[in-house]
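These notes are about the structure you will find just below.
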Amino acid sequence: MKRVSITARNNWQAAVEQLGFGFHTDDVPYWKEDAYYQLSSAEIAELEKATKELWRMCLIAVQHVIDHKLYPLFSIPEQAIKYIEHSWEADEPSIYGRFDLGYNGSEIKLFEFNADTPTSLFEAGIVQWFWLQDYEKSADQFNLIHEQLIAYWKHLQPYLHDGPLHFACIKGSLEDLTTVEYLRDCAIQAGLDTRLIFMDDIGWDDASGTFVDMEDQTIRNIFKLYPWEWMVEEPFFEKLLLKTDIRWIEPAWKMILSNKAILPILWELFPESPYLLEAYTEAENTLTNYVRKPILSREGANIQIIRNGYVEAQTKGEYGAEGFICQAHFDVPKYTGKTAVIGSWVIGQEAAGIGIRESSGVITENTSNFIPHLIKN
Amino acid sequence: MKKSKYVTLVLITSALAACNKSEPTEPNWDSNEVYMRSDSTASYTHTQGSYLPLFLWYYAFRPYGMFGANGFRHAGYYSGALSRSSNIGSSAAKSKALRGGFGGSRSFKVGA
């Protein structure tokens, strides 16, 4: 894997906006195409293998957590447990997830799994695909995201209830809206009837005992880009418990995998895995060089890098009340002063592609940049 | 090949990207005139098309209602671009559904 500096396309902003990519720049560019990452076919094969294996281990870990009632480690509230177990036993389907991986040229290690509400899907599946068409059309890229999203929505169609599939996110975030609209776009191409609704517009009709959309139509299937750990604390969760025949995608059992408390569980179950870093709950930690992470946090917030008892780097945020885990430090190489994290997508049950984000610091935050990649030997 | 053979979008267009553009500081008085209302029982408001926020496509009509003992009760739709008379009309309560029970935890982006 190497980073190659190039000249960005003339007027690249217009090119990506033409695709519907409106959040390419905040104060500074988020999407950057003055460089790309080049990986070999063998490296891609290793990433694909790691992703499949991590997904297999994650499913075993969910069963382990449920079997041993390990919910307190995850700070999962009592009222959510029965619903999580119901969703797992009913084999409620998942459409996607993103493993964030470190790669040092020989080893691939899992940093965390964004299992419930991952974004950067549109950038990975669409924007970098079209970038490659312009930059070197004949070159390859590990990017079957678009094809597999459409294929998996088709696959899920028989498992959905009658009626449309609703898609929900919060108002006011173009990034979230773009992610949801992209998923909906793929569902439409798969032949599904879809609707968009914002989370706070979801209604509850007491008379019929159903969730309804803005036209008072019953919601029976819904993809939500909204974390389960927030939903379980909100007023409508008690209504949700009354209505267990709705397909929520991602399903409630993803609440276990999106929580960083899964990292010590994975380490306990698979200590021989080449893809895992040593990890412990904070109470059981014996590491001296490690990364301290809140079990519930987003966008790299409230993370500390500890070396020999001293805080080497940290990020701010509002998370941490639910507890922390400690994960062994893993050094990844710097590419032109940048640290790269590989987001490896699972669509359905398959490894589907990657997106690479890089940062100037050692912690990947919401200020990191998305850089396209290509495959070349 | 490890990339999608072809990619087509049927829903997302450049109009979505335009949601991130800031509003013009001055209205364009040469634009087409637009008359809008959010309730069929209300009178129309005369406004200027291009002075409307560019994110109108997704955000123009928001639910409105009131908070009571049982939370937020939805009563109809509202647009900040319209006058009160064009928003409310005579339909005091158009829906029986209670809304706002999800989505209140945070106001910023969700994605991880």
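The values are calculated or read from the model by the stated rules, or taken from the named source; none is laboratory data. Everything numeric here is computed off the predicted structure, so don't read it as measured data. In this analysis, Cβ positions are derived from the backbone assuming ideal geometry, glycine residues included, and neighbour counts consider all displayed protein chains. To get the accessible areas, we keep the full protein, side chains included, count just its heavy atoms, and leave off ligands, DNA and RNA. Shrake-Rupley method; radii C 1.70, N 1.55, O 1.52, S 1.80 Å.
Residue ranking by accessible heavy-atom surface, 1.4 Å probe, largest first, among A:78, A:17, A:278 comes out as A:78, A:278, A:17.
Overall shape: oblate for the range A:278-328, with the ratio a/c of the largest to smallest alpha carbon gyration tensor axis at 1.5 or above and b/c at least equal to a/b. Heavy atoms of chains B and A lose about 5100 Å² of accessible surface on contact, summed over both sides with a 1.4 Å probe.
Mind checking which aspartates and glutamates have their C-alpha under 12 Å from residue A:171, skipping anything on the same chain fewer than 8 residues away? Within the straight-line limit of under 12 Å, residue A:171 reaches these aspartates and glutamates: A:200, A:201. State whether chain A is rounded, prolate or oblate according to the following rule on the C-alpha gyration tensor (a ≥ b ≥ c being the square roots of its eigenvalues): a/c under 1.5 gives rounded; otherwise a/b larger than b/c gives prolate, and the remaining case gives oblate. Oblate.
A cut-off under 12 angstrom between Cβ atoms defines the neighbours of residue A:247, and their net charge, with Lys, Arg +1 and Asp, Glu -1, is -2. Legend: mean number of C-beta atoms from other chains within 10 angstrom of residue C-beta atoms, peptide A:198-211, equals 5.
Remark: for residue pairs A:260/A:316; A:52/B:3; A:154/A:260; A:32/A:254, the C-alpha separation exceeds 20 Å in A:154/A:260; A:32/A:254. Per residue, the accessible area of the range A:278-328 comes to 50 Å² when a 1.4 Å probe rolls over the protein heavy atoms. Rounded, prolate or oblate: which fits the range A:237-377, taking a ≥ b ≥ c as square roots of the Cα gyration tensor eigenvalues, rounded meaning a/c under 1.5, else prolate when a/b beats b/c? Judged from the Cα gyration tensor, the range A:237-377 comes out oblate (a/c at least 1.5, b/c at or above a/b).
If you wrap the Cα atoms of the range A:170-300 in a convex hull and average its projected area over all directions, you get 11.2 nm². What residues of the range A:273-302 lie in the reach of a label at residue A:308, counting those whose backbone N is under 17 Å from a point 7 Å from the Cα along Cα→Cβ? Zone members listed by number: A:287-291. If you take the beta carbon distance between residue A:69 and residue A:376 as r and set R0 to 56 Å, what does 1/(1 + (r/R0)^6) give as a FRET efficiency, to the nearest 0.05? The formula returns an efficiency of 0.70 here. Restricting the calculation to alpha carbons of the range A:147-244 gives Rg and Dmax of 13.6, 41 angstrom. Loop-located trypsin sites (Lys or Arg not before Pro) across the range A:1-101 with a Cβ neighbour count of 14 or fewer within 10 Å are A:69, with loop assigned by DSSP.
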